[in-house]
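Colleague: Take this structure, written in C-alpha cells, and hold onto it; I'll ask about it next.
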C-alpha cells in the first residue's frame, strides 16, 4: 500500500547508495518493516501473532536443520538415532525439545492468528488473497507436522502413520493405490520413513516461500485493524518502526517466557508417552491419537459412525475432515457483511464465541477415547461447525443490524474531540 506521507528511503553513505542502485535490499527492508511502512495506530496485541508465527517458523527451520545432521531415516535405527540425539549429541536434548515444543508453539500462535482473523473480519475485501495464502500455509503446516511426528519412529509415530495414510484407502477405486504410493509399500517402513523425512525437511522452506507471498499480499492493501475502518489520513497511522517493533518485541518476550517454561520444566507435557516405546507393528496401542493440534479435525473424522446415502462412514469422515479446513477458503464470500470487525456486529459476536466453545469441544473429543459420550459430543460439535460457516454466517450477514462505525481510526482512538483530532494531524 502506498502512502503519500510515508517516509522514503534515502541512503546517505556512498556504500549504501551503491547497494541501493545495484541491489535495493535495504530499501525493501525499510519499506517492509521500517519507518517507511505506516500501519494503523490502533493495533492491539492480537496483531503480534503474525510476527510470533514468523519467529516460530525460523526456530523450526534452524533446529530442524541441525537435528537432520544427526538423524538416520532408517526404520532399523531411527528410534535409536533419536535417543542418540537426546543422550550423546552436545545440547541435543535441548534441540529436540526446542523443535518438538516449537511445533506446538507454532500451532498455538497460528490458531490464535486465525481466530483473530475470524473475529475482526481479516478475510474480507480487499484482503482475500492474504487470507487464502494463510490457509495454504496452515495446510502446509499440518502436512509438515504429521510427517515430523512419524520421524521418532515410536509407537505413536508408526501407528499414526498407519492410521492417517490408511484414510486414503477409503477413497473409491484410487484410494489404495494412493496409499501404497505414499508409503512406498503396504505398510509404514523404510520407504515411508525416507519419504516423510525428505518432505518434512523440504516443506518448511516451501512454507517460508508462501509466507513471503503472504507478507507481500499484506503490503498491498495494508494491515487491517480492530475497527475494520480503512486508513483515511496520516493521523490514522504510525510508522511500523519504532512503534510496533517495540510492541512486537514485548510480545516476543512474553512468548519466550512461556515457551522456555515448557522447554526447560515440562518438555514432554504436550507429547505422548507411548512415543518413547520403539515402533512395533505387532503391538497396537490401546488409544491411538495424533498430536494435540490435530485433535479437532481428528474428532470430525471420528464423528461419522454410520453410512450416509450409501457413502461409507470412513469416506464421509475423511471428506468432512478435509472440508473442515477447505471451507475457510470460501469464508470471504460466505460472510458478505459490509462491516468487518466483530466489535460492531453484536449478533456475529455471540455466534463467534459459540464457535470458540464448539472448537474447544472438538479439541477435547479428539484427544478422548472413541467411545460414548465423546462420539456423540463430536457429532454435535461437527454438525455445528459446518452449520456455522455454511448457514449461520450468511444468515447473520443478512439479518444483523451493525453498530455505527467510527468515521476514522483517529476518531476510534481519540474520540470525537475535534481539538484532539487536530493535534493528532499536526
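The values are calculated or read from the model by the stated rules, or taken from the named source; none is laboratory data. In this text, all values refer to a predicted model and were calculated from it rather than measured experimentally. Using ideal geometry, Cβ is built from the backbone for each residue, glycine included, and neighbour counts are taken over all protein chains shown.
So that you can scan it fast, the table gives a plain yes or no per residue for (1) assigned to a helix (DSSP H, G or I); (2) closer than 22 Å to residue 225 by Cα; (3) in contact with a strand residue (DSSP E or B) (Cβ under 8 Å, 6 or more places away or on another chain); (4) modelled with pLDDT of 95 or more:
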| site | (1), (2), (3), (4) |
| --- | --- |
| 362 | yes, no, no, yes |
| 372 | no, no, no, no |
| 378 | yes, no, no, yes |
| 388 | yes, no, no, yes |
| 405 | no, yes, no, no |
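Colleague: Quick check on my filter: what residues within region 8-30 are within 24 Å of residue 212 (Cα to Cα), outside any helix (DSSP H, G or I) and without any contact (Cβ under 8 Å) to a residue 24 or more places away in the chain?
Modeller: 23, 24
Colleague: Let me ask you something else. Do we have residue 168 as within 30 Å of residue 213 (Cα to Cα) and touching a helix residue (DSSP H, G or I) at 6+ places or on another chain (Cβ under 8 Å) here? Full working, then the answer.
Modeller: On the way: within 30 Å of residue 213 (Cα to Cα): no; touching a helix residue (DSSP H, G or I) at 6+ places or on another chain (Cβ under 8 Å): yes.
Answer is no for this residue.
Colleague: While we're on this one: In this structure, is residue 324 within 20 Å of residue 380 (Cβ to Cβ) and surrounded by fewer than 16 Cβ atoms within 10 Å (Cβ to Cβ)?
Modeller: Details: within 20 Å of residue 380 (Cβ to Cβ): yes; surrounded by fewer than 16 Cβ atoms within 10 Å (Cβ to Cβ): no.
No.
Colleague: Moving on to the next point. Could we say that residue 161 is buried (at least 17 other Cβ atoms within 10 Å of the Cβ), closer than 26 Å to residue 81 by Cα, at pLDDT below 95 and within 23 Å of the chain's Cα centre (by Cα) here?
Modeller: On the way: buried (at least 17 other Cβ atoms within 10 Å of the Cβ): yes; closer than 26 Å to residue 81 by Cα: yes; at pLDDT below 95: yes; within 23 Å of the chain's Cα centre (by Cα): yes.
Against the criterion (buried (at least 17 other Cβ atoms within 10 Å of the Cβ), closer than 26 Å to residue 81 by Cα, at pLDDT below 95 and within 23 Å of the chain's Cα centre (by Cα)), residue 161 qualifies.
Colleague: Only one residue in 53, 100 is outside any loop (DSSP other than H, G, I, E, B), touching a helix residue (DSSP H, G or I) at 6+ places or on another chain (Cβ under 7 Å), surrounded by 19 or more Cβ atoms within 10 Å (Cβ to Cβ) and touching a residue at least 24 places away in the same chain (Cβ under 8 Å). Which one?
Modeller: Working: 100 fails: touching a helix residue (DSSP H, G or I) at 6+ places or on another chain (Cβ under 7 Å).
Testing whether each residue is outside any loop (DSSP other than H, G, I, E, B), touching a helix residue (DSSP H, G or I) at 6+ places or on another chain (Cβ under 7 Å), surrounded by 19 or more Cβ atoms within 10 Å (Cβ to Cβ) and touching a residue at least 24 places away in the same chain (Cβ under 8 Å) leaves just 53.
Colleague: Separate question: Does region 304-317 contain any residue that is out of contact with any helix residue (DSSP H, G or I) (no Cβ under 6 Å at 6 or more places or on another chain), surrounded by 15 or more Cβ atoms within 10 Å (Cβ to Cβ), without any contact (Cβ under 8 Å) to a residue 40 or more places away in the chain and within 27 Å of residue 137 (Cα to Cα)?
Modeller: Scanning region 304-317, I find at least one residue that is out of contact with any helix residue (DSSP H, G or I) (no Cβ under 6 Å at 6 or more places or on another chain), surrounded by 15 or more Cβ atoms within 10 Å (Cβ to Cβ), without any contact (Cβ under 8 Å) to a residue 40 or more places away in the chain and within 27 Å of residue 137 (Cα to Cα), so the answer is yes.
Colleague: Quick one: which of 183, 151, 193 is free of Cβ contacts under 8 Å to residues at least 40 places away in the same chain and crowded, with 21+ Cβ neighbours inside 10 Å? Spell out the reasoning first.
Modeller: Numbers: 151 fails: free of Cβ contacts under 8 Å to residues at least 40 places away in the same chain; 193 fails: free of Cβ contacts under 8 Å to residues at least 40 places away in the same chain.
Unique residue meeting the criteria: 183.
Colleague: Can you say whether residue 227 is crowded, with 17+ Cβ neighbours inside 10 Å, assigned to a loop (DSSP other than H, G, I, E, B), in contact (Cβ under 8 Å) with a residue 24 or more places away in the chain and over 22 Å from the mean Cα position of the chain (by Cα), as far as the supplied structure shows? Let's see the steps before the verdict.
Modeller: Working: crowded, with 17+ Cβ neighbours inside 10 Å: yes; assigned to a loop (DSSP other than H, G, I, E, B): yes; in contact (Cβ under 8 Å) with a residue 24 or more places away in the chain: yes; over 22 Å from the mean Cα position of the chain (by Cα): yes.
Judged against the criteria, residue 227 is a match.
Colleague: Here is a check on your reading of the model: is residue 264 without any contact (Cβ under 8 Å) to a residue 60 or more places away in the chain, closer than 25 Å to residue 104 by Cα, out of contact with any strand residue (DSSP E or B) (no Cβ under 7 Å at 6 or more places or on another chain) and surrounded by fewer than 17 Cβ atoms within 10 Å (Cβ to Cβ)?
Modeller: On the way: without any contact (Cβ under 8 Å) to a residue 60 or more places away in the chain: yes; closer than 25 Å to residue 104 by Cα: yes; out of contact with any strand residue (DSSP E or B) (no Cβ under 7 Å at 6 or more places or on another chain): yes; surrounded by fewer than 17 Cβ atoms within 10 Å (Cβ to Cβ): yes.
It is true that residue 264 is without any contact (Cβ under 8 Å) to a residue 60 or more places away in the chain, closer than 25 Å to residue 104 by Cα, out of contact with any strand residue (DSSP E or B) (no Cβ under 7 Å at 6 or more places or on another chain) and surrounded by fewer than 17 Cβ atoms within 10 Å (Cβ to Cβ).
Colleague: Scan region 142-177 for residues that are in a helix (DSSP H, G or I) and within 25 Å of residue 79 (Cβ to Cβ) and report the count.
Modeller: Taking region 142-177 and keeping what is in a helix (DSSP H, G or I), we get 142-150, 155-170, 175-177.
Cutting the leftovers down to within 25 Å of residue 79 (Cβ to Cβ) gives us 142-150, 155-167.
The number of residues fulfilling the criteria is 22.
Colleague: Sticking with this one: What residue, of 414, 355, 362, 398, is closer than 18 Å to residue 124 by Cα and either free of Cβ contacts under 8 Å to residues at least 40 places away in the same chain or surrounded by 14 or more Cβ atoms within 10 Å (Cβ to Cβ) (or both)? Even if it seems obvious, please write down each step before you answer.
Modeller: Numbers: 414 fails: closer than 18 Å to residue 124 by Cα; 355 fails: closer than 18 Å to residue 124 by Cα; 362 fails: closer than 18 Å to residue 124 by Cα.
398 is the lone residue from the list that is closer than 18 Å to residue 124 by Cα and either free of Cβ contacts under 8 Å to residues at least 40 places away in the same chain or surrounded by 14 or more Cβ atoms within 10 Å (Cβ to Cβ) (or both).
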